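Here the structure is laid out as structure tokens; the discussion comes afterwards.
The values are calculated or read from the model by the stated rules, or taken from the named source; none is laboratory data. Since we're looking at a predicted model, the values are computed, not measured. All Cβ positions, glycine included, derive from the backbone under ideal geometry; neighbour counts span all protein chains shown. SASA here: full protein model, heavy atoms, side chains in, ligands and nucleic acids out. Shrake-Rupley method; radii C 1.70, N 1.55, O 1.52, S 1.80 Å.
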Amino acid sequence: MTLTLNRPEKLNAFVTEMHGLLREAMAQAEGDAAIRALLITGAGRGFCAGQDLAERDMNDPNLDLGGGLEKNYNPFIRRLRALPKPVIAAVNGVAAGAGANLALACDLVLAARSASFIQAFSKIALVPDCGGTWWLPRLAGLQRAMGMALLAGKVSAEDAERWGLVWKVVDDAKLMDEAHALARTLAAGPTHSYGMIKKALYASSDNTLDEQLDLERDCQREVGRHTDYREGVAAFLEKRKPKFTGH
Ligand code: T3D
């Protein structure tokens, strides 16, 4: 399933209406067993410029940006990370603010060579959100996270790849072909075990080795009962390609 952020005239900056559409898309991705990979990209020349800055009422004495995160952004990020299916970001252009951190929330990030990542928040006196303060130091290290967050500069796709923020940079013209090919490959894979891989890897940075070994044991016990495991081993022994059902 492809989810295209579609407000190209404003670089797909988020407005409230988009959050409703994102909720519907997530419900579909979660509920439909035939959907075995989710691809997120942006329409036009940008991926997503984050929150639409014109949408907030600066004269509202009760303006509560935390409330907006709690209601819209945080549930979306949590659902993306918890989706037991691979999520790919195809970053086709600039990804700024919440847009950058939405991309980083995805399981694999493909970036067009001309794409860029901007932790734009401090330019408008905000702090990184949508999980940015959690995964920037984990992916890129504390110095680079600090530099990106304090200086809010543009990080090229190539630097982002070198820093571990991005799986792969591809030529602009090839981005969507590569992204669709990757999505098709993953959608034909052992979806149930992919879900377990996500669970184990995302838990790892908060676990001790002992806790992680226990988690791996539990995950392996579960996937070992799945028909996809039997199919994978049978296909190996019969020297053929496996046909995973994923569910
Ligand atoms: O409020 C809360 O809920 C708190 C949560 C916040 C989460 C956040 O995401 S905060 C960070 C918000 N994003 C930004 O601060 C980025 C703002 N945008 C930019 O700095 C630049 O647009 C870019 C560096 C991303 C791209 O620059 P450039 O030169 O390629 O494009 P542009 O000309 O600036 O933008 C094109 C159009 O999109 C332009 O509209 P116009 O003048 O042609 O009608 C521009 O105003 C609009 N646009 C871009 N980003 C936003 C935006 N409009 C509203 N909000 C935006 N974030």
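Where nothing but the Cβ of Lys and Arg (+1) and of Asp and Glu (-1) is charged, how large is the charge dipole of the stretch 81-200 around its Cα centre, in debye to the nearest 20? Numbers along the way, then the final one.
Values: 13 positive and 9 negative charges, 67 e Å.
My answer is approximately 320 debye.
Kindly state, to the nearest 0.05, the FRET efficiency for E178 paired with I35, given R0 = 30 Å and r defined as their beta-carbon distance.
Values: r = 20 Å, r/R0 = 0.67.
About 0.90, to the nearest 0.05.
Just the number, please: percent antiparallel of the DSSP beta bridges in the chain, rounded to the nearest 5.
Values: 3 of 24 bridges.
Antiparallel bridges make up about 10 percent of those DSSP assigns within the chain.
Tell me the carbon and sulfur percent of the accessible area for the stretch 1-136, rounded to whole percent, probe radius 1.4 Å. Walk me through the numbers on the way to the answer.
Values: 3260 of 5850 Å².
That share works out to 56 percent.
Mind listing the phi-derived Karplus ³J(HN,Hα) values for the stretch 22-32, rounded to whole Hz, using 6.51, -1.76 and 1.60 with θ = phi - 60°, and x for any glycine or proline?
5, 4, 5, 5, 5, 4, 5, 4, 6, x, 9
Compute the Cα gyration tensor for the stretch 41-157, then decide on rounded, prolate or oblate, letting a ≥ b ≥ c be the square roots of its eigenvalues: rounded whenever a/c is under 1.5, prolate when a/b is larger than b/c in the other cases, and oblate in all that remain. Provide the component values of the computation, followed by the final result.
Details: a/c = 1.44, a/b = 1.27, b/c = 1.13.
Verdict is rounded for the stretch 41-157.
Please list, by residue number, every one of the trypsin sites (Lys or Arg not before Pro) in the stretch 21-62 that is coil in DSSP and has at most 16 other beta-carbon atoms within 10 Å. Walk me through the intermediate numbers first.
Values: sites: R23, R36, R45, R56; in loops: R36, R45, R56.
Hits after loop and neighbour filter: R45, R56.
Express the accessible area of the chain per residue in Å², computed with a 1.4 Å probe while the remaining protein chains stay in the model. Please list the in-between numbers first.
Working: 13230 Å² over 247 residues.
Using a 1.4 Å probe on heavy atoms only, each residue of the chain averages 54 Å².
Work out how far the C-alpha atoms of the stretch 1-100 reach from end to end along every principal axis, then list the three figures in whole Å, largest first.
Computed over the Cα atoms, the extents are 47, 28, 18 Å.
Could you give the nm distance between label points at D52 and T208, where each point is 7 Å from its Cα heading toward the beta carbon?
Placing both labels 7 Å beyond Cα along the Cβ direction yields 5.0 nm.
If you average the alpha carbon positions of the stretch 168-196 and of the stretch 66-80, how far apart do those two centres end up, in angstrom?
Using only Cα atoms to place each centre, the spacing works out to 25 Å.
Got a sec to turn the phi values of the stretch 199-213 into Karplus ³J(HN,Hα) couplings, 6.51 cos²θ - 1.76 cosθ + 1.60 with θ = phi - 60°, whole Hz, x for Gly and Pro?
Working through the residues one at a time gives 4, 5, 5, 6, 7, 4, 6, 9, 9, 6, 4, 4, 5, 5, 4 Hz.
If one puts a single equal scatterer on every Cα of the chain and applies the Debye formula without solvent, what log₁₀ I(q)/I(0) results at q = 0.09, 0.11, 0.17 Å⁻¹?
For the chain at q = 0.09, 0.11, 0.17 Å⁻¹, log10 I(q)/I(0) is -0.42, -0.62, -1.34.
Taking +1 at the Cβ of each Lys and Arg and -1 at the Cβ of each Asp and Glu, which of S122, G50, I88 sits farthest along the dipole of the chain towards its positive end, judged by Cα position relative to the Cα centre?
Farthest towards the positive end: I88.
Would you kindly derive the ³J(HN,Hα) couplings of the stretch 52-65 from the backbone phi angles with the Karplus curve 6.51 cos²θ - 1.76 cosθ + 1.60 (θ = phi - 60°), listing them in order in whole Hz, with x for Gly and Pro?
Ordered by residue, 3J(HN,Hα) equals 5, 6, 7, 7, 8, 8, 5, 8, 7, x, 9, 3, 10, 5 Hz.
So, taking all protein chains as they sit and a 1.4 Å probe, how much accessible area belongs to K10, in Å² rounded to tens?
110 Å²
Using a 10 angstrom cutoff on alpha carbons, build the Gaussian network for the chain and name the most mobile of G93, G50, G66.
G66
Show the residues, 5+ positions off or on another chain, whose built amide H is closer than 5 Å to the amide H of L39.
Amide H to amide H, under 5 Å and 5 or more residues apart or across chains, L39 pairs with T2, L3, I88.
What 222 nm value per residue comes from the helices of the chain, counting each DSSP H run with n ≥ 4 as -39,500 (n - 2.57) and dividing by all residues, nearest 500 deg cm²/dmol? Let's see the in-between values first.
On the way: 11 runs with 115 residues, N = 247.
For the chain, the value works out to -14000 deg cm²/dmol.
Please give, to one decimal in nm, the separation of the simple spin-label points placed at L65 and T245, each 7 Å out from Cα toward the Cβ.
4.9 nm
How far is helix 175-187 tilted off the main Cα axis of the chain, in degrees rounded to 10, range 0 to 90?
The answer is roughly 40 degrees.
How high is the relative contact order of the stretch 14-168, in percent, with contacts defined as C-alpha pairs under 8 Å that are six or more residues apart? Could the numbers behind the result be given before it?
Working: 249 pairs, mean separation 33.8, N = 155.
Value for the stretch 14-168: 22 percent.
Under a GNM of the chain (C-alpha, springs under 10 Å), which listed residue has the highest mean-square fluctuation: P75, P61, P86?
Highest fluctuation among the options: P61.
What's the local net charge at D64, with K and R +1, D and E -1, over the other residues with C-beta under 13 Å away? Mind showing how you got there, number by number?
Working: positive: R56, K71; negative: D57, D60, E70.
Counting the neighbours of D64, the net charge comes to -1.
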